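Here the structure is laid out as structure tokens; the discussion comes afterwards.
Bear in mind that the values in this text are calculations on the coordinates, not laboratory data. All of these numbers come straight from a predicted model, not from anything done at the bench. Heads up, the Cβs are rebuilt from the backbone with ideal geometry, glycines too, and the neighbour counts pull from every protein chain shown.
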Amino acid sequence: MRSHPGSCHCGAIGFDYRTSLPPAEWSIRACQCAFCRAHDALSASDPNGELRFVARDPDRLQRYRFALRTADFLLCRDCGVYIGAVIEIGDGYRGIINTHALVDAPADLAVTQPMSYDGEDVRERVGRRDERWMPVSAVPW
Ligand SMILES: [Zn+2]
């Protein structure tokens, strides 16, 4: 697996996204919810990969929940960058990254797919994330 590090602008929080998929085969989703549109966020995850979130300065980590309040969206309190999201399912965590927070954005990223998850209830939302989001081996809290 190859490591693709990511970070907020000031470096307080970040992630290590590990996948064996070449960037041209990543699943890149442009969620159309108001939060993701406001951040111009592009989500990626590899259910067969591994994701770690880190906080050099945990005091600057902001966890934000909205809508069905099932996941924590991770933002930096200082620089405001949104780096990814985490959901707790069973006794583990699954997550996504915001590809705009990658330190070295691959030039050959896959084509973006617009997504709308309006109308999902809690069971559907958690079920989709359980399938499509990726295992998170470390969270900074
Ligand atoms: Zn920051």
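Assorted remarks:
- MRE, 222 nm, helices only [DSSP H, n ≥ 4, -39500 (n - 2.57), over the chain, to nearest 500]: -3500 deg cm²/dmol
- Judged by a Cβ-Cβ distance under 4.7 Å, the unpaired cysteines of the chain are 33.
- The stretch 1-60-the stretch 92-138 distance, computed between alpha-carbon centres (Å): 8
- With a cut-off of 11 Å between beta carbons, the residues surrounding residue 12 carry a summed charge of 0, where Lys and Arg count +1 and Asp and Glu -1.
- Over the chain, relative contact order from alpha-carbon pairs under 8 Å, at least 6 apart, %: 32
- According to the calculation over all Cα-Cα pairs in the stretch 1-68, the P(r) per 10 Å bin from zero is 17, 41, 38, 3 %.
- For the chain, share of DSSP beta bridges that run antiparallel, in % to the nearest 5: 85
- Cα gyration tensor shape for the stretch 96-141, rounded if a/c is under 1.5, else prolate or oblate: oblate
- Cα-based shape type of the chain, given that a ≥ b ≥ c are square roots of the gyration tensor eigenvalues and the cut on a/c is 1.5: rounded
- Efficiency of FRET between residue 68 and residue 25 - r from beta-carbon atoms, R0 30 angstrom, step 0.05: 0.50
- Net charge in the neighbourhood of residue 62 (other residues with Cβ under 14 Å of its Cβ; Lys, Arg +1, Asp, Glu -1) is 0.
- Residues in the stretch 100-141 reached by a label modelled at residue 50 [backbone nitrogen below 14 Å; 7 Å Cα→Cβ]: 135-139
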